[in-house]
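Here is the structure we will look at.
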């Protein structure tokens, strides 16, 4: 029987189905059911991967928002330098400066 491999197009899928029909003498209905099951498995795997990526992105975004809030609170206290905040939060000083500049009014805004 033909080995299972990654298919890149529907044309490849059609060639594979035709080969199976010829070489194995299977009925077209059996092959179509088999292919539908494989397609459903592929769709489910794609959905699972998409959900996992979405969760990972959400967690990363949540961490960043929390860090930004903490940085803003520490900056607003005015008792710690950018370098000290970076040290205590284990973040690069550029990240602290980025949050600092986000809070400043735009210099290109209306006068």
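The values are calculated or read from the model by the stated rules, or taken from the named source; none is laboratory data. Everything numeric in this text was worked out from a predicted model, so none of it was measured. Ideal geometry is used to build each Cβ from the backbone, glycine not excepted, and the neighbour counts take in all protein chains shown.
Contact map, the range 83-108: residues that are within 14 Å of residue 72 (Cα to Cα) paired with residues that are surrounded by fewer than 13 Cβ atoms within 10 Å (Cβ to Cβ) and at pLDDT 95 or above, Cβ distance under 6 Å, separation 6+ or inter-chain. Pairs shown: 93/83. Of the residues making up the range 82-100, those that are loosely packed, with under 13 Cβ neighbours inside 10 Å and more than 28 Å from the chain's Cα centre (by Cα) are 83, 88. Only one of the numbered conditions (1) modelled with pLDDT under 85; (2) loosely packed, with under 11 Cβ neighbours inside 10 Å is violated by residue 57, and that is (1).
Here 75, 38 are screened, and the one residue that is within 30 Å of residue 99 (Cβ to Cβ) and either within 20 Å of the chain's Cα centre (by Cα) or free of Cβ contacts under 8 Å to residues at least 60 places away in the same chain (or both) is 75.
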